[in-house]
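Quick notes on the structure that follows.
The values are calculated or read from the model by the stated rules, or taken from the named source; none is laboratory data. Just so it is clear, the structure is predicted and the values come from calculations on it, not from any experiment. As a convention, Cβ positions derive from the backbone with ideal geometry for all residues, glycine included, and neighbour counts pool all protein chains shown.
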Amino acid sequence: MGVGIRRAGEDDRELVVRLLDEAFQDDPVSGWVFPGEEYRRATHHRLMAAFTDVVFAEGWIDVAEDGSACALWLSVPAGHAPEGGDGPDEAVLLREAVDPANLRVEEITRMMAESHPADRAHAYLWMIGVVPDRQGEGLGGALIQHVLDRCDREGLPAYLEASSARSTKLYERLGFAFTGRTLDIPDGPRMWPMWREPVSHLTPGSAGRR
């Protein structure tokens, strides 16, 4: 499907935070971090706002032109963990800013940072959100492919953590593969780290792809 995509600006912050809050209310990891529907609805948006601010500062956000979906990306150099999870200080600061008494905010931040690959530069899909009534229309796949096309041109790998077994199927169709080791949250759900090698298009006259 044809999806109009643009780079988000600071004036899109409220849109992005609201979209992520709606999209991840029923996500297994969000449910673990903020257990209980009432608590989650009152607090979850603060974490989405914190993530949005980090990515505006350190990466970029793509949005569907109609405001129905967004993708948060970071360019991660070799040997560096993404901001927002790089060591204990950032994890503590995030918890204190989002929900000071909730140690799970800090715990999930540490776990994701510790499992993040650091040996090669890559594009990191931190989050992708689609409003609930538009899910299943291919919006998320279009937003991701928009960046993967550039990754292929530049020879850059990509990485993400899938938060459900169902979502891994979408990412597999886009060329991602499970790294082989799940991120198992204590007394909570699991996540599936996934890596994608860039696709090299062969020169005319050559058959297939590498």
Suppose the filter is under 25 Å from GLY188 (Cα atoms), over 18 Å from the mean Cα position of the chain (by Cα) and among the charged types (D, E, K, R); does GLU96 pass it? yes
Whichever residue in the stretch 27-53 is without any contact (Cβ under 8 Å) to a residue 12 or more places away in the chain and not in a helix (DSSP H, G or I) and, among such residues, is nearest to ALA165 (Cα to Cα): PRO35
Of the numbered conditions (1) touching a helix residue (DSSP H, G or I) at 6+ places or on another chain (Cβ under 9 Å); (2) buried (at least 18 other Cβ atoms within 10 Å of the Cβ), PRO189 satisfies every one except a single condition; which is it? (2)
For GLU90, the lone unmet condition from (1) surrounded by 15 or more Cβ atoms within 10 Å (Cβ to Cβ); (2) of a type in the set (D, E, K, R); (3) modelled with pLDDT of 95 or more is (3)
Please list, ordered by first then second residue, the pairs with beta carbon atoms under 6 Å, 6 or more apart or interchain, first in the stretch 183-198 and more than 17 Å from ALA113 (Cβ to Cβ), second part of a loop (DSSP other than H, G, I, E, B) and of a type in the set (A, V, I, L, M). PRO198/LEU156
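Select from the stretch 120-172 the residues that are among the charged types (D, E, K, R), at pLDDT 95 or above and either out of contact with any Pro (no Cβ under 7 Å at 6 or more places or on another chain) or closer than 13 Å to CYS70 by Cβ (or both) and list them in ascending order.
Residues satisfying the conditions are ASP149, ARG150, ARG153, GLU154, GLU172.
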So GLY67 ticks every box in (1) in contact with a Lys or Arg (Cβ under 8 Å, 6 or more places away or on another chain); (2) within 25 Å of GLY136 (Cα to Cα); (3) modelled with pLDDT under 95 but one. Which box is left unticked? (1)
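Restricting attention to the stretch 2-48, which residues are among the β-branched types (Val, Ile, Thr) and either buried (at least 20 other Cβ atoms within 10 Å of the Cβ) or in contact with a His (Cβ under 7 Å, 6 or more places away or on another chain) (or both)? Break it down stepwise before answering.
Step one: of the stretch 2-48, the residues among the β-branched types (Val, Ile, Thr) are 3, 5, 16-17, 29, 33, 43.
ILE5, VAL16, VAL17, VAL29, VAL33, listed by residue number.
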Of the listed residues (ALA8, ALA50), the one being hydrophobic (A, V, I, L, M, F, W, C) and over 24 Å from GLY138 (Cβ atoms) is ALA50
Condition met for LEU160 (out of contact with any helix residue (DSSP H, G or I) (no Cβ under 7 Å at 6 or more places or on another chain) and in contact (Cβ under 8 Å) with a residue 12 or more places away in the chain): no
